Amino acid sequence: MRVLQAVATIGLLAAIVGTVVGWGLLGQAEAALEDSLTLTSDTLVALDASAGVAADSIETLGTSLAALEETATSLDTAFDEGEVLMEDLAELVRRDVAESLTAVDDALPGLIRVAGTIDTTLSALSSLPFGPAYDPTESFADALRTLDVSLDGLPDRLREQADQIDATAGSLGDVGEGVSDLASDLAGFDATLADTAELLDTYSTTIEEGTALVEETTEQLGRQLVFGRIALVLLGVAFALLQVVPLQMAAVAAAGIRAPAATTAPTADGVGGSGL
């Protein structure tokens, strides 16, 4: 009987303690899950903000790169045209100007001699009473000699300048090729930025879906925890009610013990009376 009562008492204590402990564990689990979901939600919000900033930055960068690509393409065309212009200028200086000056320089000695003859003739004629007046500050021959001195070495210098112009044209061509490669790289990078923007849009959609999922999970968690607490209380009550069985058994056992004792006591009195 005492064993059954002890079992019932332990069962009741276990039901109470189990219910309290289970309630506390559910509360801790709820707090932990809510903290985790809150952290997840904050992380998704931060990711959404970061993705938005990244998308804006990529859009701005894409606009700048598009403008830079257009500028690079225009520069490439300008450098190509500049290279052609420099080559034509070098050819003009080397052939037309330098060769013309060389021809003039080669013809000057003969012109100087003819000019000297003209100066001598005019000077002689001017000494006649009826001759023309001819007394220039600088004679025609001297003027041609001054021109001859000024042209000395000029064609060669012009040819050297033409070579430098050719080198400049080559440099412009190299720069133009570099600018063309830059424009191609910018076009490729622009395509990469477009792909990145599409990927960020996908991230944004995924983040929105994740945020909705977190909110839905939070609501479901709240309902499940309510159901869990109800189930825990019902389980504790049921387990406590099960202890009625050992208590009933103890009560039945106690009643059975008292019943024989009550029967034995009158029989003993009867035996004593008959003896008298």
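The values are calculated or read from the model by the stated rules, or taken from the named source; none is laboratory data. Note that the coordinates shown come from a computational prediction; the quantities given were computed from them, not determined experimentally. Neighbour counts run over all protein chains shown; Cβ positions are idealised from the backbone, glycine included. Surface areas here come from the heavy atoms of the whole protein model, side chains and all, with no ligands, DNA or RNA. Shrake-Rupley method; radii C 1.70, N 1.55, O 1.52, S 1.80 Å.
One residue is enough: does region 43-61 have a residue meeting the conditions buried (at least 17 other Cβ atoms within 10 Å of the Cβ) and over 30 Å from Leu186 (Cα atoms)? Scanning region 43-61, I find at least one residue that is buried (at least 17 other Cβ atoms within 10 Å of the Cβ) and over 30 Å from Leu186 (Cα atoms), so the answer is yes. Counting the residues of region 34-73 that are within 22 Å of Ser180 (Cβ to Cβ) and either under 11 Å from the mean Cα position of the chain (by Cα) or not hydroxyl-bearing (Ser, Thr, Tyr) (or both) gives 9. With respect to Asp88, is the statement that it is closer than 19 Å to Ala143 by Cβ, surrounded by fewer than 16 Cβ atoms within 10 Å (Cβ to Cβ) and either of a type in the set (Asp, Glu) or under 54 Å from the mean Cα position of the chain (by Cα) (or both) true? Here the answer is no, as Asp88 does not meet what is asked.
Considering only residues that are in contact (Cβ under 8 Å) with a residue 12 or more places away in the chain and not acidic (Asp, Glu), which ones fall in region 166-184? Answer for region 166-184, where residues must be in contact (Cβ under 8 Å) with a residue 12 or more places away in the chain and not acidic (Asp, Glu): Thr168, Ala169, Gly170, Leu172, Gly173, Val175, Gly176, Val179, Ser180, Leu182, Ala183.
Here is the figure for region 96-126: residues that are under 21 Å from Ser150 (Cβ atoms) and surrounded by fewer than 13 Cβ atoms within 10 Å (Cβ to Cβ) total 8. Scan region 197-210 and give yes if some residue there is outside any loop (DSSP other than H, G, I, E, B), modelled with pLDDT of 75 or more, over 30 Å from Leu47 (Cβ atoms) and β-branched (Val, Ile, Thr), otherwise no. Within region 197-210, none of the residues are outside any loop (DSSP other than H, G, I, E, B), modelled with pLDDT of 75 or more, over 30 Å from Leu47 (Cβ atoms) and β-branched (Val, Ile, Thr).
Note on region 150-166: among residues that are among the aliphatic types (A, V, I, L, M) and under 24 Å from Pro109 (Cβ atoms), the one that is surrounded by the most Cβ atoms within 10 Å (Cβ to Cβ) is Leu158. Residue pairs whose Cβ atoms lie under 6 Å apart, separated by 6 or more positions or on different chains, with the first residue in region 69-89 and more than 15 Å from Ala167 (Cβ to Cβ) and at pLDDT 80 or above and the second open to solvent by 70 Å² or more (accessible area, probe 1.4 Å) and small (Gly, Ala, Ser), do not occur.
Confirm whether Ala54 is closer than 30 Å to Ala167 by Cα, in contact (Cβ under 8 Å) with a residue 24 or more places away in the chain and of a type in the set (A, V, I, L, M, F, W, C).
On the way: closer than 30 Å to Ala167 by Cα: no; in contact (Cβ under 8 Å) with a residue 24 or more places away in the chain: yes; of a type in the set (A, V, I, L, M, F, W, C): yes.
No: the conditions fail for Ala54.
The test for being farther than 30 Å from Leu151 by Cβ, part of a helix (DSSP H, G or I) and free of Cβ contacts under 8 Å to residues at least 60 places away in the same chain does not hold for Ala15. Please determine, by comparing only the residues of region 139-165 that are touching a residue at least 12 places away in the same chain (Cβ under 8 Å) and in a loop (DSSP other than H, G, I, E, B), which one is farthest from the chain's Cα centre (by Cα). Ranking the candidates gives Ser139 first. Residue check: Ala133 meets all listed conditions (1) outside any helix (DSSP H, G or I); (2) modelled with pLDDT of 80 or more but one, namely (2).
In this structure, does Asp76 turn out to be loosely packed, with under 12 Cβ neighbours inside 10 Å, part of a helix (DSSP H, G or I) and not small (Gly, Ala, Ser)? In short, no.
Identify all residues within region 31-49 that are of a type outside the set (A, V, I, L, M) and either under 15 Å from Glu216 (Cα atoms) or at pLDDT 75 or above (or both); write none if there are none.
Going residue by residue through region 31-49, those that are of a type outside the set (A, V, I, L, M) are 34-36, 38, 40-43, 48.
Within region 31-49, Glu34, Asp35, Ser36, Thr38, Thr40, Ser41, Asp42, Thr43 meet the criteria.
Residues that are of a type outside the set (D, E, K, R) and either modelled with pLDDT of 75 or more or under 30 Å from Thr73 (Cβ atoms) (or both): does region 238-261 have at least one? The answer is yes, given that some residue of region 238-261 is of a type outside the set (D, E, K, R) and either modelled with pLDDT of 75 or more or under 30 Å from Thr73 (Cβ atoms) (or both).
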